[in-house]
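Worksheet: one structure, shown below.
The values are calculated or read from the model by the stated rules, or taken from the named source; none is laboratory data. All of these numbers come straight from a predicted model, not from anything done at the bench. Reconstructed Cβ throughout: ideal geometry from the backbone, glycine too, with neighbour counts over all protein chains shown.
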Amino acid sequence: MLKTPCLLALVAAPLLAGAQDAPARPALALAGPTALRGDSKAKFEPIEYKTRDKHVVHAEFYAPRKSKGRAPAVLLVHDAGSNAQHLAGVAEALQRKGFAVLVPDLRGHGASVTPDWDWTKTETEEEKAQAWTFAMRDLESSTDWLREQDSVHNSNLSVVGVGAGSVLAARYAVRDENARAVALIAPEPEAFGFNLLQDIIDLGGLPVMIMATDAAEKDAARIRTASAKANDGFEYVVYQRLTPKDEGDVLSDRRLNTELHKFLEAQAMPER
């Protein structure tokens, strides 16, 4: 989970040739309980809500800055083994641009650890797959909570996933008719029983941005081709190259927040 596998595995078997020689992707650094916020003035509210299976999800809500009307929402989905704190910088940047941002600690992670759900104690792939599947319920409850907020536009949602969180983000966007855009940061091609390419195809034209290092550019191009072919030639997947300052953390790319905001704004705030 600390490595970002080659996206080449997403496409058909003929595309796998030479994948073993692909350069390693930068890992996603995990934030600890004392993770710092990038902007000391940024304000978030710690909240909690229950899922349909009665699990309590703890999350951080970055209320939108004052603006006319209700703000578009962004759901940020962290990597497996990480937590909401790791995405604080991304959340703050989007908050400053007028988005309402919710960052849940998925079950078994961060403040959402319980005796029944603790990612650090999952040992088998079957246990991890079960936890990741149940995490979809966490996302469902997260958007339910978002849509109840008076400051949030209840039919304008963008979903952003990081690492293995990308497969959850894509799968959730397929199911939510109010999703406007999907951004996948250093996505994993297959994680815990989820197949990213199939879900991107099933999005059926919903704008998708893949943000990854230059080593993944050709792979992203193949994903774009495969998804377009499956959707009558319509191209809806774009690639954004990342150059992390810290090779151990892809989120350290200096332009990540700017490019992410520009992409989401074009889909969620087209009139601006």
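For the reader, a short list of remarks on this structure follows.
- Looking across Leu197, Leu206, one residue alone is under 28 Å from Gly108 (Cβ atoms) and either part of a strand (DSSP E or B) or within 16 Å of the chain's Cα centre (by Cα) (or both). It is Leu197.
- In segment 42-56, the qualifying residues are those that are in contact with a Phe, Trp or Tyr (Cβ under 6 Å, 6 or more places away or on another chain) and crowded, with 16+ Cβ neighbours inside 10 Å, and the one that is modelled with the lowest pLDDT is Phe44.
- Test result for Asp176, within 19 Å of Leu197 (Cα to Cα) and among the acidic types (Asp, Glu): yes
- Picking from residues in segment 82-104 that are of a type in the set (Val, Ile, Thr) and part of a strand (DSSP E or B), the one that is farthest from Asp116 (Cα to Cα) is Val101.
- Listed conditions (1) at pLDDT 95 or above; (2) in contact with a Phe, Trp or Tyr (Cβ under 9 Å, 6 or more places away or on another chain); (3) closer than 14 Å to His58 by Cα are all met by His78, apart from (2).
- The residue of segment 147-174 that is nearest to the chain's Cα centre (by Cα), among those that are surrounded by fewer than 21 Cβ atoms within 10 Å (Cβ to Cβ) and under 21 Å from Ser112 (Cβ atoms), is Arg147.
- Residue list for segment 178-194, filter: touching a strand residue (DSSP E or B) at 6+ places or on another chain (Cβ under 9 Å) and either of a type in the set (A, V, I, L, M, F, W, C) or not in a strand (DSSP E or B) (or both): Asn178, Ala179, Ala181, Val182, Ala183, Leu184, Ile185, Ala186, Pro187, Glu188, Pro189
- Boolean, Ala111 is of a type in the set (A, V, I, L, M), surrounded by fewer than 24 Cβ atoms within 10 Å (Cβ to Cβ) and either part of a strand (DSSP E or B) or more than 12 Å from the chain's Cα centre (by Cα) (or both): yes
- Taking (1) over 29 Å from Ala129 (Cβ atoms); (2) among the acidic types (Asp, Glu); (3) within 15 Å of the chain's Cα centre (by Cα) in turn, Glu190 satisfies each apart from (1).
- Residues located in segment 249-272, provided they are crowded, with 16+ Cβ neighbours inside 10 Å and small (Gly, Ala, Ser): Ser252, Ala268
- Test: Thr122 is in contact with a Lys or Arg (Cβ under 6 Å, 6 or more places away or on another chain), more than 30 Å from Asp150 (Cβ to Cβ) and surrounded by 14 or more Cβ atoms within 10 Å (Cβ to Cβ): yes
- Note on segment 116-159: residues that are charged (D, E, K, R), farther than 23 Å from Glu60 by Cβ and in a helix (DSSP H, G or I) amount to 5.
- Test for Asp39: is it of a type in the set (Asp, Glu), assigned to a loop (DSSP other than H, G, I, E, B) and either within 16 Å of Val159 (Cα to Cα) or modelled with pLDDT of 90 or more (or both): no
- Filtered residues of segment 206-248 (kept if aliphatic (A, V, I, L, M), surrounded by 16 or more Cβ atoms within 10 Å (Cβ to Cβ) and in contact with a helix residue (DSSP H, G or I) (Cβ under 7 Å, 6 or more places away or on another chain)): Leu206, Val208, Met209, Ile210, Met211, Ala212, Ala216, Ala220, Ile223, Ala226, Val237, Leu242
- Taking the criterion of being more than 25 Å from Gln85 (Cα to Cα), free of Cβ contacts under 8 Å to residues at least 24 places away in the same chain and in a helix (DSSP H, G or I), the residues of segment 226-265 that qualify are Ala228, Lys229.
- The residue that is nearest to Ala266 (Cα to Cα), counting only those in segment 62-81 that are touching a His at 6+ places or on another chain (Cβ under 7 Å) and assigned to a loop (DSSP other than H, G, I, E, B), is Arg70.
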